[in-house]
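Heads up, the thing below is written out as structure tokens.
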Amino acid sequence: MSNQPPSSGEIFKPDSQSFVLNYLKKSVTHFEEIKPLTPLNSFRTEFEPKVTNLIQEAPKPILEPQKPQKTQKQIEEEKRIEIERKKREDDELIERHKREEAYRIQREEEERIQKEHRGLVNNGATCYLNALLQGIYNTEAGYNAILRGPNDRETIERIEKAGEYEPIDKNDQSVVSALQLIFLRLIYSKKQSLSTMKFCKALGIDTGKQEDANELMKKVLDKLEKASKAHDAKDNFEHTLEVYKETFEGQTGQTIRCQYCQHESLTQTPFTDLMLPVEENFFKCFATMVKKQEIDGYQCGGCKKRTIALQYTSVQSVPDLLCMTLFRFQQNGYGTSKDNKDVKFPICLDLEFVKNCNLGEIGIESSVEETTEMFKIVMMPWLYYEVEARNIKAKTEEAQYLIDNSEEFSKYLKIYYQSFTVENLFPDSADELHQIPTFENTPHNIFTLKSIVRHSGSIGGGHYQTISLSRPNIPARFEMLNFNDSRVSKLEKRALDISESTGDEKKKQPCLQNTSFS
């Protein structure tokens with residue numbers, strides 16, 4: 001063996017298994033052989049058949065046939081038709097404007113006529129009749145009830161066509177129809193004063209004789225009730241009698257309490273007006289009406305003994321139109337006399353709790369003065385309570401006593417007397433009785449004084465007058481009839497309630513609410 005290094009010629013021999021050469025060969029084995037670039041025309045060769053097939057398969061658009069050109073005559077004809085169409089549209093527009101203008105003028109004339117006040121002719125000694133009819137007419141509830149009452153078109157037309165001195169049937173329906181005719185003429189007639197002669201004939205009134213307005217009211221309502229019953233029985237539909245009862249009829253209760261066993265008996269009586277004794281103010285009139293009276297020798301139904309009992313009156317329910325009569329004419333040892341004392345009365349009342357404010361609730365031993373104050377608190381709560389955040393603050397001891405002893409009354413105040421404002425009907429007056437509250441949530445039984453029928457003079461002779469608050473115009477909701485001297489409407493079978501209701505129709509809110517006759 002030799003330790004001499006090999007010469008360079010030996011290292012790089014072609015057949016030599018040199019380490020370097022072997023390494024280089026191994027290191028480049030993963031590279032692929034570079035191929036020549038694809039010629040440009042190869043794309044067309046590959047894709048042209050596919051593109052050609054797609055073009056052939058695509059749906060071909062349908063070409064509309066070319067419209068023939070219009071002739072000059074056709075063009076002129078089309079222009080003529082278009083001009084006529086526009087002319088028709090213009091004519092229709094003009095006619096519509098004419099109709100609207102005519103309707104506007106008619107409505108303005110009707111509104112002007114409705115705003116005017118009309119009188120009733122005094123046919124002799126019929127001032128009591130005219131005053132009563134004006135009093136009812138100027139209250140929404142009374143007006144509605146009459147026109148929604150039993151109606152018969154044939155009877156109305158027959159009465160309208162009859163002459164002033166021709167006889168009129170004296171039956172219930174004739175009285176109601178004649179009254180409906182008067183009310184409609186009070187709205188639509190062009191005359192400033194209207195005759196009541198036909199109504200007088202139907203009711204059998206002697207126009208030369210003086211009568212009492214209160215007695216006349218009873219006669220008219222009696223005829224209305226009987227005609228309502230006949231109408232509902234005939235049509236098998238209870239509607240007009242229901243309207244009559246809701247509008248005019250309330251209930252009083254006569255309670256008798258045995259002093260021995262404290263047994264009570266209650267008798268309810270319908271009323272169409274409350275007869276109030278004459279006192280210095282309305283609340284004392286009311287308290288005097290319900291005051292207790294002793295009955296000696298009463299046969300008790302409880303203990304079966306004959307003993308002393310106490311009797312008192314209560315108001316069980318009130319109608320939408322509450323009529324109250326001051327009982328001025330009284331019998332004395334020298335005959336009949338009239339009490340001309342002035343009576344102060346409120347303009348607005350809350351009668352929701354009038355039923356509970358009676359001697360049975362506040363104490364049968366209460367004096368007239370105590371009862372008077374209780375009535376005033378219950379009927380005019382806005383004077384006695386402040387309600388904030390459902391806390392009630394009473395302004396007097398009597399007012400505090402009521403809320404302490406009546407949970408229902410306290411709850412009522414919290415619901416309705418949280419938010420309200422008060423204004424005076426007469427701005428120059430400081431009298432609290434002239435205040436009218438306005439509520440955010442109006443109670444169901446808020447009553448407002450609308451008409452007063454007053455008598456001046458003595459029992460031997462005098463004169464009746466009506467004092468009424470102005471009321472909103474009555475909408476013309478009836479089909480017109482061709483009357484000779486007026487434009488009066490046909491009564492609908494179920495005329496809509498002219499009072500404005502909130503849609504929550506029953507949550508009943510009476511529209512008139514209190515008519516006082518004196």
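Couplings 3J(HN,Hα) for region 95-107, derived from phi with the Karplus relation 6.51 cos²θ - 1.76 cosθ + 1.60 (θ = phi - 60°), are 5, 5, 4, 5, 4, 4, 5, 5, 5, 4, 5, 4, 5 Hz, where x marks Gly and Pro. Amide H to amide H, with H built 1.01 Å from N, L276 comes under 5 Å of T325, L326, F327, counting only residues 5 or more places away or on other chains. At full extension, D431 and E108 could sit 112.4 nm farther apart than now, given 0.36 nm per residue minus the alpha carbon distance. For region 111-200, the spherically averaged projection of the C-alpha convex hull amounts to 5.9 nm². The HN-Hα couplings worked out from phi for region 159-169 by the Karplus form 6.51 cos²θ - 1.76 cosθ + 1.60 (θ = phi - 60°) are 5, 5, 7, 5, x, 4, 10, 7, x, 10, 4 Hz, whole numbers, x standing for Gly and Pro.
Positive end of the dipole of region 244-376 (Cβ unit charges, origin at the Cα centre): among Q262, T325, T371, the Cα lying farthest that way belongs to Q262.
Per-residue counts of other Cβ atoms within 10 Å, averaged by peptide: what ranking do you get for 386-399, 177-190, highest first? The partial results should precede the final answer.
Values: 386-399: 13.0, 177-190: 21.9.
Highest to lowest by the protection proxy: 177-190, 386-399.
Let's see if you can work this out: charge +1 on each Lys and Arg Cβ, -1 on each Asp and Glu Cβ, no other charges. What is the dipole magnitude of region 338-464 about its Cα centre, in debye to the nearest 20? Mind showing how you got there, number by number?
Working: 12 positive and 21 negative charges, 105 e Å.
Rounded to the nearest 20 debye, it is 500 debye.
For the pair Q262 and T396, the difference between a 0.36 nm per residue extended length and the Cα-Cα distance amounts to 45.1 nm. Applying a threshold of 25 Å to the alpha-carbon distances of K223/K284; K292/K411; K229/K450; K291/K355; K201/K226; K245/K355 flags K223/K284; K292/K411; K229/K450 as lying beyond it. For L194, the residues 5 or more places off, or on other chains, whose built amide H falls under 5 Å of its own are G119, L120, V121.
Hey, how many Å between the Cα centroid of region 219-282 and the Cα centroid of region 328-355? Centre-to-centre distance over Cα atoms comes out at 20 Å. Phi-derived couplings, Karplus 6.51 cos²θ - 1.76 cosθ + 1.60 at θ = phi - 60°, listed residue by residue for region 418-425: 5, 9, 7, 10, 10, 10, 9, 4 Hz, with x used for Gly and Pro. The gain in end-to-end length when the F329 to T207 segment is fully stretched comes to 41.7 nm, 0.36 nm per residue minus the alpha carbon separation. Working note: Debye formula, equal point scatterers on the alpha-carbon atoms of region 293-452, no solvent; log10 I(q)/I(0) at q = 0.12, 0.18, 0.20 Å⁻¹ is -0.69, -1.24, -1.40.
By average Cβ neighbour count within 10 Å, what is the ranking of 446-453, 415-422, 70-77 from highest down? Display every interim value, and only then the final one.
Values: 446-453: 22.1, 415-422: 14.5, 70-77: 9.8.
The peptides rank, most packed first, as 446-453, 415-422, 70-77.
Only the coordinates and a few stated rules stand behind these numbers; no lab work does. Keep in mind it's a predicted model, so treat the numbers as computed, not measured. Using ideal geometry, Cβ is built from the backbone for each residue, glycine included, and neighbour counts are taken over all protein chains shown.
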